[in-house]
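Q: Got a structure here, written out as structure tokens. Questions coming.
The values are calculated or read from the model by the stated rules, or taken from the named source; none is laboratory data. Computed from a predicted model, the values in this text were never measured in an experiment. Counting neighbours? That spans all protein chains shown, and the Cβs are built from the backbone with ideal geometry, glycine included.
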Amino acid sequence: MSDQSTYKVTKSDEEWQAELSPAEYAVLRQASTERPFTGEYTDTETEGVYSCRACGEELFRSTTKFHSHCGWPSFYAPSEDDNVELISDTSMGMKRTEVRCASCGSHLGHVFEGEGYPTPTDQRYCINSVSLKLAPTDAS
């Protein structure tokens, strides 16, 4: 993880471990990845707002979620560009773009471009379900 002093929400590793489940901590604070097709929100079609599970910052809205069939929830844009941080990631022997919460620096997933999905941005924000918390919007 990068220098925590640049984020609005800063906590020690001990504080994060006390607040997050082991799976949440592994993904959000250690940049792990949940297994494909196992996440809570992979196929969810509930309308609402997706926030960072670590700090509560709004990240995505259901209106930008789409079925990419990749095994993780996919969005074509964040709710606000400055709510996420994009960082070059050369791990795993390839060049990718990591997506982090701009408020607390937690790892969310990766963003990919040029895959041919029929979305307005031609981007796929491939996000771990465990890094998100969905607040459904009132249907009334």
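Per-residue answers, yes or no, for (1) crowded, with 17+ Cβ neighbours inside 10 Å; (2) touching a strand residue (DSSP E or B) at 6+ places or on another chain (Cβ under 8 Å); (3) modelled with pLDDT of 95 or more; (4) within 20 Å of residue 41 (Cα to Cα):
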| residue | (1), (2), (3), (4) |
| --- | --- |
| 69 | no, no, no, yes |
| 89 | no, yes, no, no |
| 95 | no, yes, no, no |
| 105 | yes, yes, yes, no |
| 109 | yes, yes, yes, yes |
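Q: Consider residue 51 against the criteria (1) among the small types (Gly, Ala, Ser); (2) touching a residue at least 12 places away in the same chain (Cβ under 8 Å); (3) surrounded by fewer than 18 Cβ atoms within 10 Å (Cβ to Cβ): it satisfies all of them except one. Which criterion is unmet?
A: (3)
Q: Only one of (1) closer than 21 Å to residue 138 by Cβ; (2) crowded, with 20+ Cβ neighbours inside 10 Å; (3) in contact (Cβ under 8 Å) with a residue 40 or more places away in the chain is not met by residue 46, so which one is it?
A: Among (1) closer than 21 Å to residue 138 by Cβ; (2) crowded, with 20+ Cβ neighbours inside 10 Å; (3) in contact (Cβ under 8 Å) with a residue 40 or more places away in the chain, residue 46 violates only (2).
Q: When you scan region 111-126, how many residues do you find that are surrounded by fewer than 20 Cβ atoms within 10 Å (Cβ to Cβ), within 20 Å of residue 42 (Cβ to Cβ) and not polar (S, T, N, Q)?
A: Total meeting the criteria: 4.
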